[in-house]
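Trainee: Have a look at the structure that comes next, please.
Bear in mind that the values in this text are calculations on the coordinates, not laboratory data. These figures come from a predicted structure and were not determined experimentally. Here Cβ is always computed from backbone atoms with ideal geometry, including for glycine, and neighbour counts include all displayed protein chains.
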Amino acid sequence: MQKTAQKIKKAGLNPGIWLAPLLTDAPTLHRLRTFPFKFILDLENPKIFNRALDSIKTIVEKWRFSMLKLDFLYALHFLPRYKDSAVPNELLRSFLSAVKKLYPHIHLNVCGCPLGPAVGIADSMRTSADIVNPYLDHIWPINKIFHSQRLNQLETSLNFRLSSASIWLLDPDAFVCRQSLGLSPSQIFKLQSLIKKANGVYFLGDDLTRLNELQIQTYIQPLFLDIAVS
């Protein structure tokens, strides 16, 4: 991972990484049923809390990544011993605060995250479910039905979350335009419009080397033209 980050920097870019910091393959305490074969870290245990921070330290200090996308942050709320959100919210905020205090220069993107614990800490917040399911590539018409539904969900959730744009950058998920997903040109333009409307972080979900010149000119380049400045 360290070598990968170095290659990205040599290309003139900043390396970012996705991780689920509250989930593990090791049997710590309770199995999270919605994620088969995964277990939830018990952040009430100081040793486990610090071990989770050590993982972040490795990624930032040793591997030299400068953007963290932390996912499944609501995992603590699934521990059976918590009867309400007060304690898991407090633990989550403590963890996010510790990360940001250690690395204030890091862009911290949070995904699957309760809103309250991230206020004043997160740089960007995911606003909706995943736009695409990559396992449905080339599986028509199932891919078209699924991705059309997700596009509609994005529009609804984005309109609901626009009011929080003053708190953090909105993350409406990745822009995609590859034909294998089953989206029509009008739907791709709609996705383009919604992402520009969010005026937050821009993620590209396609392998750009596999897109043709027309796709780049029609869909990708206009995405970055006339970006609103706040």
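Trainee: For the modelled label position 7 Å from the Cα of residue 18 along Cα-to-Cβ, which residues of the stretch 103-140 have backbone nitrogen atoms closer than 11 Å?
Mentor: Label zone hits: 130-135.
Trainee: Right, next: With everything on Cα atoms, drop me the angle between helix 46-57 and the longest principal axis of the chain, reported from 0 to 90° to the nearest 10.
Mentor: Roughly 40 degrees, rounded to the nearest 10.
Trainee: So, one more: Please list, or write none, the lysines whose alpha carbon is within less than 18 Å of the alpha carbon of residue 190, excluding same-chain residues fewer than 8 places away.
Mentor: 144
Trainee: Taking the number of other C-beta atoms within 10 Å as the exposure measure, put 147, 105 in order starting with the fewest. Please report the intermediate quantities before stating the final value.
Mentor: Values: 147 21, 105 7.
So the residues, fewest neighbours to most, are 105, 147.
Trainee: At residue 9 and residue 210, where each label point lies 7 Å from the Cα along Cα→Cβ, what is the point-to-point distance in nanometres?
Mentor: Once both label points are built, they end up 3.0 nm from each other.
Trainee: So, one more: Which pairs break 23 Å Cα to Cα here: 3/69; 9/38; 57/197; 9/197?
Mentor: Numbers: 3/69 19 Å; 9/38 32 Å; 57/197 34 Å; 9/197 29 Å.
Table pairs above 23 Å Cα-Cα are 9/38; 57/197; 9/197.
Trainee: Let me ask something else. Among DSSP beta bridges whose residues both lie in the chain, state the antiparallel percentage, nearest 5.
Mentor: The antiparallel proportion sits near 20 percent.
Trainee: Pairing the Cα long axis of helix 185-198 with the longest principal axis of the chain, what angle in degrees results, from 0 to 90 and rounded to the nearest 10?
Mentor: 50
Trainee: What's the exposure ranking of 67, 125, going from fewest to most Cβ atoms within 10 Å?
Mentor: Least crowded to most crowded, the residues run 67, 125.
Trainee: Taking the Cα-to-Cβ direction at residue 138 and at residue 82 and moving 7 Å from each Cα, how far apart do the two end points lie in nm?
Mentor: Using points 7 Å along Cα→Cβ, the separation is 4.1 nm.
Trainee: Taking 0.36 nm per residue of separation and subtracting the Cα-Cα distance, what length does fully extending residue 54 through residue 163 add?
Mentor: 35.8 nm
Trainee: Counting each DSSP H run of 4 or more residues in the chain as -39500 (n - 2.57), what helix-only mean residue ellipticity at 222 nm follows after dividing by all residues, to the nearest 500 deg cm²/dmol? Could the numbers behind the result be given before it?
Mentor: Values: 6 runs with 76 residues, N = 230.
Helices in the chain give a 222 nm mean residue ellipticity of -10500 deg cm²/dmol.
Trainee: Between 160, 87, 136, whose Cα lies farthest towards the positive end of the dipole of the chain when Lys and Arg beta carbons carry +1 and Asp and Glu beta carbons carry -1, centred on the Cα centre?
Mentor: 87
Trainee: Between residue 217 and residue 94, how high is the FRET efficiency from 1/(1 + (r/R0)^6) when r is the Cβ-Cβ distance and R₀ = 41 Å? Nearest 0.05.
Mentor: 0.30
Trainee: I'd like the orientation of helix 86-102 relative to the chain: the angle between its Cα long axis and the longest Cα principal axis, in ° from 0 to 90, rounded to 10.
Mentor: 80
Trainee: Can you compute the modelled spin-label distance between residue 129 and residue 105, with each label point 7 Å from Cα toward Cβ, in nm?
Mentor: My value for the distance between the label points is 4.0 nm.
Trainee: Still on this structure, please answer the following. Among all the lysines, which ones have a C-alpha under 18 Å from residue 10's C-alpha, if same-chain residues fewer than 8 places away are not counted?
Mentor: Output for residue 10: 62.
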